[in-house]
Amino acid sequence: MNDVLHAALSRAAGHQQRFEHRFAAYFDSLTDPDGGTPTAPPHGSYPADALALVRELSLRGGKRLRVALLHEAAALVTDRAVPGLDAAAVSIELLHTHGLIHDDIIDDTPVRRGGPSTYYAYRSRFPERPDTALALAVLAGDLAAFLSVRVLLTGALPPERALAMAAVTADAGAAAVNGQILDLERDFRPDAGTELLHTVTEFKSTRYSVLAPLRLGLLAAGAELGPYEQELRDYAGAVGIANQIHDDWLDLFGDPDTLGKPVGTDIRAGRRNYVVHALLAAADERGRAELEAVLGDPDCDDRDLDRIRRTARAHGVDRAVRADADRHAREAAARAAGWYGHWRRDAVAFFAHLPAWSVARER
């Protein structure tokens with residue numbers, strides 16, 4: 001690892017460590033009787049339970065890449081402390097929690113971040129009432145989404161800046177929902193090409209995981225977004241595709257203990273992701289038939305997955321997919337390198353080296 005990348009990752013780790021304490025403090029404030037308007041109603045236990053499950057999943061871990069992105073985005077224009085970054089970090093991570101809860105409902109995922117998904121936590125509490133468990137999980141995800149906007153509008157930011165940043169979060173949330181809808185449509189289109197996969201990636205993940213943190217960090221630092229909007233979109237798009245291709249690769253070839261969740265979830269759910277698309281295009285008739293036979297089968301077991309992995313490796317799909325992720329990562333790095341002329345060098349270096357890390361990580 002070169003010195004510049006090591007320094008960038010060290011800064012990212014510092015952002016993450018500081019954020020964990022602030023995120024916990026945020027949730028404490030929601031239940032503090034002296035902290036202003038309480039979040040949960042004074043009667044009934046279910047609202048408090050929902051907030052507790054949102055908190056538990058939110059604090060259970062994750063890469064916190066969005067947190068590092070927004071801090072480094074602010075650092076593009078200033079090396080001073082920037083008010084509003086903590087609220088922005090809480091906002092974008094709450095939006096991520098919303099996405100995780102709803103994704104796990106859609107995919108019927110039992111494990112998330114090394115523990116039970118919110119949906120399965122409710123299923124264990126209401127084994128005889130699956131409709132109630134489903135409804136409560138949906139509402140817990142909705143709670144996280146609304147809190148992600150509320151935290152920006154109820155803080156100490158100047159009103160105009162708070163509204164602009166809340167609009168970014170709301171826009172990213174709407175894009176992610178549309179991306180999830182398109183993701184479900186994609187799985188009914190066996191002939192879906194890479195352009196549709198790229199569009200799903202942009203709306204379902206890139207806009208809220210990469211572009212929104214960039215926008216939030218720059219807005220918090222007082223920058224105008226207009227002059228830089230296209231270059232931010234171009235960078236975010238390349239990073240997002242590289243990151244998603246690598247995620248899809250990890251879902252088949254990754255280590256479940258390192259990931260904190262089972263592998264093969266996309267195949268069991270029938271997701272025609274980048275790896276599945278590449279394998280269907282490269283395999284012979286027998287290989288395609290074997291994949292189609294288990295695609296969307298929730299009972300697909302480790303033997304089935306091992307057979308698919310062998311087929312993928314025999315046709316070089318595992319290497320080809322990794323190479324495609326690397327190509328998009330290099331494109332993103334090249335775009336960030338063009339920022340040296342008008343933004344602070346150490347922050348630009350972070351964005352220039354981030355793509356290489358995003359396709360080398362193990363979780």
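Quick notes
- Under a Gaussian network description of the chain, with springs only between Cα atoms under 10 Å, the residue in Phe146, Phe188, Phe27 that fluctuates furthest is Phe188.
- Relative contact order [Cα under 8 Å, 6+ residues apart], region 109-190, whole percent: 15
- Selected from His246, His43, His277 as most flexible by GNM, with the chain as the system and alpha-carbon contacts under 10 Å: His43
- Cα pair distances of region 316-363 binned at 5 Å [whole percent]: 5, 23, 25, 19, 13, 8, 4, 2, 0
- Normalised contact order of region 176-292, rounded percent, pairs of Cα under 8 Å and 6 or more residues apart: 24
- Across every pair of non-identical alpha carbons in region 51-171, the mean reciprocal distance, once inverted, gives a Kirkwood radius of 15.4 Å.
- Segment Glu292-Leu9, length gained on full extension (0.36 nm per residue, minus Cα span): 97.9 nm
- The helix-based estimate of mean residue ellipticity at 222 nm for the chain, built from -39,500 (n - 2.57) per DSSP H run of four or more residues and divided by its residue count, is -23000 deg cm²/dmol to the nearest 500.
- Residues of region 252-274 with amide N under 12 Å of a point placed 7 Å along Cα→Cβ from Arg363: 255-262
- By the Kirkwood approach, averaging reciprocal distances over each pair of separate Cα atoms, region 131-221 gets a hydrodynamic radius of 14.7 Å.
- Cα-derived Rg over Rh, computed across region 271-330 with Rh taken as Kirkwood radius: 0.99
- Accessible area per residue for the chain, computed on protein heavy atoms with a 1.4 Å probe, is 46 Å².
- Between amide H atoms placed 1.01 Å from N, distances below 5 Å from Val111 occur with Ser117, all of them 5 or more places distant or on a separate chain.
- Region 269-336 - percent relative contact order, Cα under 8 Å, separation 6 or more: 38
- For region 314-363 and region 95-130, distance of Cα centres in Å: 32
- Considering region 231-363, its Cα convex hull presents a mean projected area of 8.4 nm².
- Residue range of the chain that is longest and free of GluC sites (Glu not before Pro) which are both DSSP loop and sparsely packed (at most 14 other C-beta within 10 Å): 225-361
- Hydrophobic long helices, here whole DSSP H runs in the chain with Kyte-Doolittle means of at least 1.0 and Cα atoms spread over 27 Å or more along the helix axis, are found at 130-153.
- Positive-pole candidate from Ile241, Pro298, His328, dipole of region 241-331, charges at beta carbon: His328
The values are calculated or read from the model by the stated rules, or taken from the named source; none is laboratory data. In this text the structure is predicted, and so the values were computed from the model without any measurement. Every residue, glycine among them, receives a Cβ derived from its backbone with ideal geometry; neighbour counts consider all protein chains shown. The protein model used for the area step is the full one, side chains on, heavy atoms only, and it has no ligands, DNA or RNA in it. Shrake-Rupley method; radii C 1.70, N 1.55, O 1.52, S 1.80 Å.
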